[in-house]
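Beneath this line is the structure, given in structure tokens, with notes to follow.
The values are calculated or read from the model by the stated rules, or taken from the named source; none is laboratory data. Just so we're clear, the structure is a prediction, and the values are computed from it rather than from any experiment. Here Cβ is always computed from backbone atoms with ideal geometry, including for glycine, and neighbour counts include all displayed protein chains.
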Amino acid sequence: MIRRCFTLALLLVACTLSDRAASAQQISQAQLEALEERAVREAAALAGPSIARIQTVGGLDRVGRVLTGTGPTTGVVVSTDGYIISSAFNFASQPASVLVMLGEVRYPAKVVATDRSKMLTLLKIDAHDLVPAKAAPKNAMRVGQWAIAMGRTYDSPLPNLSLGIVSQLNRIWGKAIQTDCKVSPANYGGPLVDIEGKVLGVLVPLSSRGTGQTAGVEWYDSGIGFAIPLEDVYAALDRLKTGKDLLPGLVGITFKGRDMYGIKPVIDRVRYNSPAEEAGFKPGDEIVEVDGKPVVRQAQVRHALGGKYSEDKIVVVVKRGEKTIRGELTLAAKLPPYEPAFLGVLPARLSNDDSGDKQAGVGVRYVYSESPAAKAGIATFDRVLSFNGTPVNDAATLRDLVSRLLPKAKAKLVFQHNGQDKTVELALASMPTDVPEEIRSVPIPILNDDNNDEEKKKDDAPKTGRFNQRMEAHDHSYWAYVPETYNPGYSYAVMVWIHPSGDTMEAEMVGEWKILCEQRGIILLAPKSKNVGGWKPDEAQFVNDAIEELKADYSIDPNRVFLHGFSKGGGFAFDVAFKFRDQFRGICVAEAPLRKTPPENNPDNPLQFHLICGSKASLYPQVRKTVTGLKRLKYPVSFTTIPDLADEYPPPPQIDEIARWADCLDRI
């Protein structure tokens, strides 16, 4: 339909320019295609003088799991005196030098600053009388209008082109234009041009989940591409010229509920020492206005804040009961790392049919030695009845209340010991970094023979033991091991095994983990990369969808879903965990460092880490640095060094340690 509309427009142009009136039917298809090609080439010619070819020299071969490449990339001239804007992806490798070619002239360039919200990098060359790109007005952009993605990465004097349309506006929380043009490293940093030769925006890889320089590259050539409006680039240009990176502006709040499009923006948490806290906002406040714009949904708040930078000033209005409170906030570049507080107990696990336990409070199945709970006299089989005056009848409530306080914070707790209620005041602690030497597994009752036989006879009965499953939607497969004694009346942990490059280790993993899965109620899920030689970034979605498929058939405890990877599989495990934060509660990797900056610890989607490495492993120093970096961000991290081991999967004692660590992921 869109192509026909464009064709009709060309017909009208042809009729207007003709010396004699000719009907649309009298113009052949070949003539129409020629007119279309002419219009595209004229638009490209108008934009061409503002398109630079960029060559980076040296730097890293990879950033995380992404190959950065060493070929030419593209930039857009944004001033007469030598400023050029490009995609930050093109400089993720931290190149030793940058060269810019305009026409036949090559210039050395320096990186001035990076916009880390919109993922753009500003360059400067010593040149004058350049032709800056002309911006298409944002208020004139329309969904369905023609767009041309351009790059200058080949030896041809003409830029490379991809024709498409503007498919959406205000994507990625109001930052970007979406297009169905082919967008890839061949034109990252280049312009998205309209049919008049004006620049709609600068092409960049973006993701609503990731925020790094390579986030969004998985959309490569998928028909989903993004461009930052050039008007917005010009608006931020003077700030970038100062040489200071622009960072996303942070308020320091989270919302209640997960349906951001259907739920009111009611504040659930206010981060410590954040702009929101300084403005006096509190949990339960409802945001009704941001910078003069009324908001009624969480997504509207995110859109209003999506394009803001740190140090920007905004006005936020909230309702607190019958009161309306107006707060002036200066957005922050970063917030103090969130550190979860620790009480020191493992909650009792109940059957799915036992609605909140028939007794008051939360049962305790284990107490950590030297923890606040232990010092307060709480013991195994006691019951926590209330926390800071709030009754607790399930583990989720107690966990949430504890997570809202900082380590060392004082709390009043009522618990039941040997039938008597006791009230204590205690100081919460930080999460411990060691794995308990002994944690008894929670026995899951085996279905009696009659019930078990009936379950297995059902056509839709869940599979047990080891089996293979193909996911046609992804053209991938996985294998799994479900305990033979699986009881759907109880919730199980899930270990998602991310195999290393070149070997799925299937036989070894079944042999090492089968008994532990039976003992500790763990389902082993093992996705297979399409190419056994290694994982690609876009396969993260397949891993997540495999878990969702498993959840549809089995009873899963969401607090005990974790990733386990070895060697290069461990690197991909980090990527999957950070991309799907709401899915995982733990990451255990062996012989694998984290090769990019992790996101901040998130109180709504907490993550715990367990790293293992042999003392003689080639990557041992990097793994130690990973542990230090994660601790700096206040993530709970345990680390085990295996003496005299070099680049091998952990032996049985450490495998048992992983199982014990996983059994503690629901700790409070």
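Please determine whether any residue of region 56-64 is at pLDDT below 75, of a type in the set (A, V, I, L, M, F, W, C), in a strand (DSSP E or B) and assigned by TED's automatic domain parsing to the domain that holds Asp129. Within region 56-64, one or more residues are at pLDDT below 75, of a type in the set (A, V, I, L, M, F, W, C), in a strand (DSSP E or B) and assigned by TED's automatic domain parsing to the domain that holds Asp129.
For region 414-433, check the following and say yes or no: at least one residue is of a type outside the set (Val, Ile, Thr), at pLDDT 85 or above and more than 24 Å from Val362 (Cβ to Cβ).
no
Looking for whichever is modelled with pLDDT under 95 and within 26 Å of Leu516 (Cα to Cα) here; the options are Ala590, Ala577, Ala646, Ala573. Which one fits? Of the residues listed, the single one that is modelled with pLDDT under 95 and within 26 Å of Leu516 (Cα to Cα) is Ala646. When Asn544 is tested against (1) assigned to a loop (DSSP other than H, G, I, E, B); (2) more than 26 Å from Ile444 (Cα to Cα), exactly one condition is not met: (1).
When the residues of region 17-55 are narrowed to those that are of a type in the set (A, V, I, L, M, F, W, C) and in a loop (DSSP other than H, G, I, E, B), which ends up modelled with the highest pLDDT? It would help to see each step written out before you state the result.
Looking only at region 17-55, we keep the residues that are of a type in the set (A, V, I, L, M, F, W, C), and these are 17, 21-22, 24, 27, 30, 32, 34-35, 39-40, 43-47, 51-52, 54.
Among the residues that remain, those that are also in a loop (DSSP other than H, G, I, E, B) are: 21-22, 27.
Numbers: Ala21: 41, Ala22: 44, Ile27: 69.
Here the residue is Ile27.
Where strands (runs of 3 or more DSSP E) fall wholly inside region 100-190, the ranges with 2 or more residues that are under 30 Å from the mean Cα position of the chain (by Cα) and in contact (Cβ under 8 Å) with a residue 60 or more places away in the chain are 105-115, 120-125, 146-151, 160-170.
The single condition from (1) crowded, with 22+ Cβ neighbours inside 10 Å; (2) at pLDDT 95 or above; (3) of a type in the set (A, V, I, L, M) that Met141 fails is (1).
For (1) buried (at least 17 other Cβ atoms within 10 Å of the Cβ); (2) among the β-branched types (Val, Ile, Thr); (3) not in a strand (DSSP E or B), each residue gets a yes or a no:
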position: Arg269; (1), (2), (3): yes, no, no
position: Tyr272; (1), (2), (3): no, no, yes
position: Pro283; (1), (2), (3): no, no, yes
position: Val315; (1), (2), (3): no, yes, no
position: Lys319; (1), (2), (3): no, no, no
position: Leu335; (1), (2), (3): yes, no, yes
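Only one entry of Leu516, Leu524 meets the criterion of being buried (at least 18 other Cβ atoms within 10 Å of the Cβ), part of a helix (DSSP H, G or I), in contact with a helix residue (DSSP H, G or I) (Cβ under 8 Å, 6 or more places away or on another chain) and not aromatic (Phe, Trp, Tyr), and that entry is Leu516.
Look at Thr80 and say whether it is of a type outside the set (Asp, Glu), at pLDDT 95 or above and surrounded by fewer than 18 Cβ atoms within 10 Å (Cβ to Cβ). Yes.
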